[in-house]
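Worksheet for the structure shown next.
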Amino acid sequence: MDTILMEPRLLLWTKDEYYKMAEIGFFDGKRVELIEGQVLEMSPMLSGHATATMLVTQELGEIYRQHHFLRVQLPLSVSDISDPEPDVAVIAGAIRDYRDAHPTTAALVVEVADSSLDYDRTDKASLYASAGIREYWVVNLPQRRLEVFRSPIPDTSQPFGYGYASRTIVAESEHIQPLAANQSVFVADLLP
C-alpha cells in the first residue's frame, strides 16, 4: 500500500469551533481572539493599557450618547473566521439589539497599543478594513499620539487584502472628530 505524503498545513478554526472550545474551558485563564481562523493569545494587559482603555471609553461615551453604545473588549464578529475583541467599539443601536448575536460592524473601532503597536497598525487595520469598518483608531501609548485610519479600500499588499486610504497622525495636543459624531475629542484625554 502506498502512503501519500502531504505537506503540513495550517488548520483554521471557524467561529463555531472557537466557541465550542471556549465552552469546554480550553481557553480558561487566557485572553484570546479568533483572527482569520487562528486563535491568538494576547499579551497580558499592563496598567497603562487598562487606563487608556477606560479613558477612551469615558471620552467616547460622552460624545456617543444617542443611537450608539460602547462595547469594551467584547467580540465583534467581522467574518465567519474572525471574532476580534477590540479595546473599544462604538456600535449603532441599543445594547439589547445584540442579545442573540455579536455585532458585525462598528461606527468606530479603537485599539490601545503598547507592545502590540505593529500588529495593530498592520494586521488589525487590515482586518477591520476588510470588514468595512469606516474608521479605526490606534491609541499609540509609546509615542503618546493617536493614529486614525479611514476609508477602507482593497489593497493586496495588506495581510487580509484590505487597508485604509487615509492614515493620519494626531498629536497629543490636538483634537479629532470621529466620522459618526458631531463633537471632537482631545487626544491628551485618551492617554494615561
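The values are calculated or read from the model by the stated rules, or taken from the named source; none is laboratory data. Predicted model, so just to flag it, every value in this text is computed and none were measured. Glycine also receives a Cβ, built like all others from the backbone with ideal geometry; neighbour counts cover every protein chain displayed. Side chains included, ligands, DNA and RNA excluded: accessible areas come from the protein's heavy atoms. Shrake-Rupley method; radii C 1.70, N 1.55, O 1.52, S 1.80 Å.
List pairs: first residue in region 148-160 and farther than 15 Å from residue 180 by Cβ, second residue at pLDDT below 95 anywhere in the structure, Cβ distance under 7 angstrom, at least six positions apart or on different chains.
160/36
Output the qualifying pairs, or none if there are none: Cβ atoms under 7 angstrom, residues six or more apart or on different chains, first residue in region 5-20 and on the phi < 0 side of the Ramachandran plot, second residue open to solvent by 100 Å² or more (accessible area, probe 1.4 Å).
14/80; 15/80
Name the residues in region 83-137 that are β-branched (Val, Ile, Thr), open to solvent by less than 40 Å² (accessible area, probe 1.4 Å) and closer than 21 Å to residue 66 by Cα, would you? Explain how you work it out, then say what you get.
Going residue by residue through region 83-137, those that are β-branched (Val, Ile, Thr) are 88, 90-91, 95, 104-105, 109-110, 112, 122, 133.
The next check asks that each one be open to solvent by less than 40 Å² (accessible area, probe 1.4 Å); those that pass are 88, 90-91, 109-110, 112, 133.
Answer for region 83-137, where residues must be β-branched (Val, Ile, Thr), open to solvent by less than 40 Å² (accessible area, probe 1.4 Å) and closer than 21 Å to residue 66 by Cα: 88, 90, 91, 109, 110, 133.
Just one of (1) out of contact with any Lys or Arg (no Cβ under 8 Å at 6 or more places or on another chain); (2) crowded, with 18+ Cβ neighbours inside 10 Å trips up residue 46, so point out which.
(2)
Could you list, in sequence order, all residues of region 51-84 that are over 15 Å from residue 106 (Cα atoms), at pLDDT 95 or above and not hydroxyl-bearing (Ser, Thr, Tyr)?
52, 54, 55, 56, 58, 59
List every residue pair whose Cβ atoms sit under 7 Å apart, with the two residues 6 or more apart in sequence or on different chains, where the first one lies in region 44-72 and is touching a residue at least 60 places away in the same chain (Cβ under 8 Å) and over 22 Å from residue 142 (Cβ atoms) and the second, anywhere, is surrounded by 15 or more Cβ atoms within 10 Å (Cβ to Cβ) and of a type in the set (A, V, I, L, M).
63/181; 63/185; 64/70; 64/90; 64/181; 68/90; 68/91; 68/107
For the list (1) at pLDDT 95 or above; (2) touching a helix residue (DSSP H, G or I) at 6+ places or on another chain (Cβ under 6 Å); (3) within 22 Å of residue 62 (Cα to Cα); (4) surrounded by fewer than 21 Cβ atoms within 10 Å (Cβ to Cβ), I need the number of the one condition that residue 181 fails.
Against the list (1) at pLDDT 95 or above; (2) touching a helix residue (DSSP H, G or I) at 6+ places or on another chain (Cβ under 6 Å); (3) within 22 Å of residue 62 (Cα to Cα); (4) surrounded by fewer than 21 Cβ atoms within 10 Å (Cβ to Cβ), residue 181 comes up short only on (1).
For region 13-31, enumerate the residues that are of a type in the set (Val, Ile, Thr) and surrounded by 10 or more Cβ atoms within 10 Å (Cβ to Cβ). Lay out the reasoning, then the answer.
First, the residues of region 13-31 that are of a type in the set (Val, Ile, Thr): 14, 24.
Listed by number, the list holds a single entry, 14.
List the number of the failed condition for residue 172; all other conditions in (1) without any contact (Cβ under 8 Å) to a residue 40 or more places away in the chain; (2) among the charged types (D, E, K, R); (3) out of contact with any Lys or Arg (no Cβ under 6 Å at 6 or more places or on another chain) hold.
Of the numbered conditions (1) without any contact (Cβ under 8 Å) to a residue 40 or more places away in the chain; (2) among the charged types (D, E, K, R); (3) out of contact with any Lys or Arg (no Cβ under 6 Å at 6 or more places or on another chain), the odd one out for residue 172 is (3).
Which residue, of 108, 60, is under 16 Å from the mean Cα position of the chain (by Cα) and more than 20 Å from residue 124 (Cα to Cα)?
Answer to the check: 60.
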